[in-house]
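What follows is a single structure, written as structure tokens, with notes after it.
The values are calculated or read from the model by the stated rules, or taken from the named source; none is laboratory data. Quantities reported herein were computed from a predicted structural model and do not represent experimental measurements. Ideal geometry is used to build each Cβ from the backbone, glycine not excepted, and the neighbour counts take in all protein chains shown. Heads up: the accessible areas ignore ligands, DNA and RNA and are worked out on the full protein's heavy atoms, side chains in. Shrake-Rupley method; radii C 1.70, N 1.55, O 1.52, S 1.80 Å.
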Amino acid sequence: MSAFVNYVADDGRASPINLAVVRVLLGMYVIWRVLSLEWAAYGEWPNFHVDETIGFLHQDLFFALLPYQQWVVAALLVLFVVGYRTRWTGGLASLLLMHMLSVKATIYLAGTVESLFVCSYLILMFALFAEDDRLSIDALRRSRDRSLEELNAVLTDRTDRVYRMRALKWGLLAVAIIYVGSAWGKALNGPLEIWLSGAELQRDVLFYGELTGIDRAAGVPIVENELLAWVGFVGTALVQVSLLVAAVIGLSVTLPILGIIGFHVSVILTLGLYFIDMILVLSLFAAWDLAYRRLAADADDEATVVYDDRCHACARALVPFAHLDGTDSVRFVPRSDAPAELADRDAALILSDDGETAEGYEAFRRLIGQFRLLAPITWVMGVSPLRGVGTRAYDRVVSDRRRYRSDAPEPGGS
């Protein structure tokens, strides 16, 4: 199986985990980057460095606003990470960040700025296709409007599901086009014969060595060997173009992405820490769901969960676990279809595993523990003080569950 996913060829996956992982990684990374940059200092830079093509953004007011926008964007991204009102929090965060980066770019367009632009595009894609994300607070909120029959169908239907990932599809396409633009830009900024000779790459290595005062051993062979410099230029251009070609014609993107990552590593070794952020951006397209399946519970270790299928709130609470269950290690059984020894119990939730049965809060805790990556949460829920508080909270919620139940009669009732 491929280590990276070609979402352009097929944006459907058997698990929604990739969207959730990318949303969290992307949001947390951009929060760190936004808060680590000294936005207030950019307004003090000399004006003679202004890029006239976007000079209209070089305004004192915009520079004065940057330190405040910084915290607004960070706050919006915190909500984006947990998937709360993603369409608005992600959309506003991406647009504000693009404005901040554009203002900074009027004086200095660094690799970090360009990488953050790419991250902004990805966040915007999440906002545009927010309904695809099934493991978010928004998804839980949307489930309030779903009928009890729909919720029960999600829990009991064990057929193959397909989750669309349009944000990652268009995000991958955008990244691929950007890399083609980078390769094409070298030709446009020619003359081309200088690039093809490798002379420009040799001059870059010498220039950045003098600029930083650091002699990089990896750059010496390129400076001394024109053929190696030519291979470096042509190889880089081919790798950058290959990602778009592979994505569009439906081939695996694993080798192109690994090749581009190798290119970025070579830049770091020969020139310095330029565009290192793009390595993380490219890793977002990894097959996270395949890794998750390896870490998730084995299908042979199946737990049976009996739940009150006439309680809307109960069904809603279990739906995220159905989406997380990528190995079919949990079987949700409506109480109306459960064996008599389980159906006769009054508990809203019963979990049976290897002959052991748990009810109520303990059943909920063990359900979470069925997913290995959530094991730390299970441990915390089992600590004595929290167990007592959790048990009381659970009992309080389910004790009045009859008011959440449908009006359908009990099986066998009049």
Here, helices (runs of 4 or more DSSP H) confined to the range 75-155 with at least 1 residues that are closer than 17 Å to W170 by Cα and touching a strand residue (DSSP E or B) at 6+ places or on another chain (Cβ under 7 Å) are none
Matching entry among I214, I177 (being open to solvent by 30 Å² or more (accessible area, probe 1.4 Å), modelled with pLDDT under 70, under 20 Å from G111 (Cα atoms) and among the β-branched types (V, I, T))
I214
Given the conditions (1) open to solvent by 30 Å² or more (accessible area, probe 1.4 Å); (2) in a loop (DSSP other than H, G, I, E, B), which single one is not true for A40?
(2)
With the structure loaded, tell me whether R372 is at pLDDT below 80, farther than 16 Å from H312 by Cα, surrounded by 12 or more Cβ atoms within 10 Å (Cβ to Cβ) and under 35 Å from the mean Cα position of the chain (by Cα) or whether it fails that test.
yes
Matching entry among R134, R166, R141, R158 (being open to solvent by 20 Å² or more (accessible area, probe 1.4 Å) and without any contact (Cβ under 8 Å) to a residue 12 or more places away in the chain)
R141
Qualifying residue in the range 63-70 (condition: modelled with pLDDT under 95, surrounded by fewer than 18 Cβ atoms within 10 Å (Cβ to Cβ) and hydrophobic (A, V, I, L, M, F, W, C))
yes
Could you check the range 144-155 and list, in sequence order, the residues that are open to solvent by less than 90 Å² (accessible area, probe 1.4 Å) and of a type in the set (D, E, K, R)?
R146, E150
Subset of the range 83-131 [open to solvent by less than 20 Å² (accessible area, probe 1.4 Å) and basic (K, R)]
K104
Check on A393, among the aliphatic types (A, V, I, L, M), out of contact with any Leu (no Cβ under 9 Å at 6 or more places or on another chain), surrounded by 16 or more Cβ atoms within 10 Å (Cβ to Cβ) and at pLDDT below 80
no
Screening V265, V245, V239 for residues that are at pLDDT 75 or above and surrounded by 16 or more Cβ atoms within 10 Å (Cβ to Cβ) leaves only V239
